[in-house]
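Beneath this line is the structure, given in structure tokens, with notes to follow.
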Amino acid sequence: MDKYASRRESCGPVAPRFVAFFVLLMAIGACTTARPPETATRAEIPPALAAEPPAPAPPPMLELPRGGRTIFPDYRLVGYCGTPGAPALGELQGDLVAKAKALQARAAAYDDDHKVLPVFELIAVVVLAIPGSDRKYRRRVDDAVVESYLREARRAKALLLLNIQPGQSDFLTEAKAFERYLREPDVGLALDPEWAMKAKQRPGVVWGQTTASDINAVAEYLSSLVAAGNLPEKALVFHEVVKEVVKDETSMRTSPGVVLVKSVDGLGSARAKAATYANLMGRTAPGVHPGFKLFFYEDTQHGSPLMSARQVLALSPKPEYVMYE
């Protein structure tokens with residue numbers, strides 16, 4: 001419960017934490033002969049004009065920021081999350097150049113059996129304690145914010161994940177609002193089910209909840225963008241603090257070109273976090289990759305040290321995504 005004290009500015013009172021194809025048109029001209037053009041035989045047509053038009057060129061083979069087109073098993077994702085003007089929601093705000101350097105230094109400790117691919121996780125849809133103009137209890141960051149984070153992520157050769165806290169909206173609607181960015185090769189999504197509220201529910205009063213079918217729908221949408229743009233794999237993370245926030249999780253499905261990651265968000269000491277991780281990872285659907293989240297403030301406010309990279313990598317299954325808030 002203490003964790004939510006840090007979110008008052010954005011979430012109100014203390015409560016549970018919850019390429020386009022180019023087409024070449026060739027005009028086959030008629031030979032300049034006495035015979036009318038329509039009666040000319042194919043043998044009289046110059047070879048250059050008789051040839052079939054070339055097939056449309058496929059979209060370019062775009063790659064991930066640090067090379068390749070597949071995320072796992074080549075990489076381990078290590079990142080910072082946050083949103084502008086809200087330090088309580090994570091480190092990724094303020095001086096992004098400095099934060100990128102700090103992330104790079106921290107991520108180096110995870111470069112063991114996997115190469116590290118840094119991640120900027122921007123909270124692009126922020127849950128609110130008040131309804132807002134459309135009464136959805138959430139706000140979207142401006143395009144200028146997304147563009148600035150994407151620019152700095154690219155300088156750092158990092159992925160950008162757009163984190164969605166949907167309030168009384170829904171994940172697919174909010175994801176589609178950022179489609180222009182999701183069509184880029186280095187932008188993915190992170191979903192925060194604890195802030196997915198039903199009608200009449202207020203964020204911070206009850207746990208939010210989503211379903212496997214909701215997450216499957218987002219994965220299928222991302223998969224369609226990957227196929228249309230010939231993009232490298234996209235990451236789709238869903239954060240889980242307690243099992244109740246994702247209903248029917250074992251019916252989750254993988255989609256081509258999309259890697260699903262479950263990030264366990266437990267709080268507290270290393271022992272408590274490891275126990276939560278083991279409990280929640282015990283019911284993971286096949287094909288879903290393990291992830292782990294650490295909190296600079298909430299994990300240490302009672303005197304416990306922040307878990308080291310060595311401790312994180314000792315977890316079973318070994319996390320393939322590590323996020324710091």
Query raised in the report: Expressed as a rounded percentage, what relative contact order does segment 143-216 have, with Cα pairs under 8 Å and six or more residues apart?
Result: 30
Report summary line: HN-Hα couplings for segment 242-251 via Karplus (6.51, -1.76, 1.60; θ = phi - 60°), in whole Hz with x for Gly/Pro, come out as 9, 5, 5, 7, 10, 7, 6, 4, 5, 8
Query raised in the report: Cα-based Rg (one decimal) and Dmax (whole number) for segment 183-325, in Å?
Result: 15.8, 50
Report summary line: Sorted by chain and number, the residues with a modelled amide H under 5 Å from that of Tyr324, at a separation of 5 or more or across chains, are Gly79, Tyr80, Cys81, Leu294
Requested in this report: Collect residues whose amide H, placed 1.01 Å from N in the peptide plane, falls under 5 Å from the amide H of Leu161; neighbours closer than 5 in sequence don't count.
Outcome: Phe120, Glu121, Leu122, Gly188
Query raised in the report: What is the set of long-range amide H partners of Lys247 at a cut-off below 5 Å, with H atoms built 1.01 Å from backbone N?
Result: Thr210, Thr211, Ala212
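Let me check against my output: what whole-number percent is the relative contact order of segment 184-325, with C-alpha pairs under 8 Å and at least 6 apart?
Across segment 184-325, relative contact order equals 21 percent.
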Report task. Please turn the phi angles of segment 141-146 into ³J(HN,Hα) values with the Karplus equation 6.51 cos²θ - 1.76 cosθ + 1.60 (θ = phi - 60°), one per residue in order, whole Hz, x for glycine and proline. Result -> 6, 5, 4, 4, 5, 4
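Every number here is computed from the coordinates shown, using simple stated rules; none is lab data. Computed from a predicted structure; not experimentally measured.
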